[in-house]
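Values in this text are rule-based calculations from the coordinates and carry no lab data. Quick caveat: nothing in here was measured; it's all calculated off a predicted structure. Here the Cβ positions follow ideal geometry from the backbone for every residue, glycine too, while neighbour counts run over all protein chains shown.
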Amino acid sequence: GGLYRACSREAAMETLQGAWEAGLRYFDTAPFYGFGLSERRFGDFLRYKPRDSYVLSTKVGRLFRPVPEDQVPDHSYVDPLPFALDYDYSYDGIMRSVDFSYARLGLNRID
């Protein structure tokens, strides 16, 4: 959500519901997509679905760092949250990335 133009929560939920009704059960997201918004929206949608009925994947290695609003890098996202990205593919960085994804998703399992 938010790449080049805004995407409302309602539009995102309608899209995910349409995918679900069409039989899609593999969902892929990433912290970078929508600067965390994608993971939040996927979590909001999938939280009420039976957990064994879908597969969910995400990515690791890009960690958000809070910055002043005037220092937000241009990543082509509309109205991004005030974060910059740090790349960290170390063991500790990957584990932090997974923990942060769990928090944004509000789910207890990533496949």
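Side notes on the structure shown:
- Unmet criterion (only one of (1) out of contact with any Pro (no Cβ under 9 Å at 6 or more places or on another chain); (2) touching a residue at least 24 places away in the same chain (Cβ under 8 Å)) for residue 52: (2)
- Taking every residue in region 93-111 that is under 12 Å from residue 44 (Cα atoms) and pairing it with any residue that is in a loop (DSSP other than H, G, I, E, B) and among the basic types (Lys, Arg), at least 6 positions away or on another chain, the pairs with Cβ-Cβ distances below 7 Å are 106/47; 107/47.
- Restricting the first member to region 18-43 and to residues that are under 13 Å from residue 58 (Cα atoms), and the second to residues that are among the charged types (D, E, K, R) and in a strand (DSSP E or B), the beta-carbon pairs closer than 6 Å and six or more apart or on different chains are 31/62; 32/62.
- Filtered by the rule that a residue be under 23 Å from residue 100 (Cα atoms) and either hydroxyl-bearing (Ser, Thr, Tyr) or under 11 Å from the mean Cα position of the chain (by Cα) (or both), region 9-26 gives a lone residue, 26.
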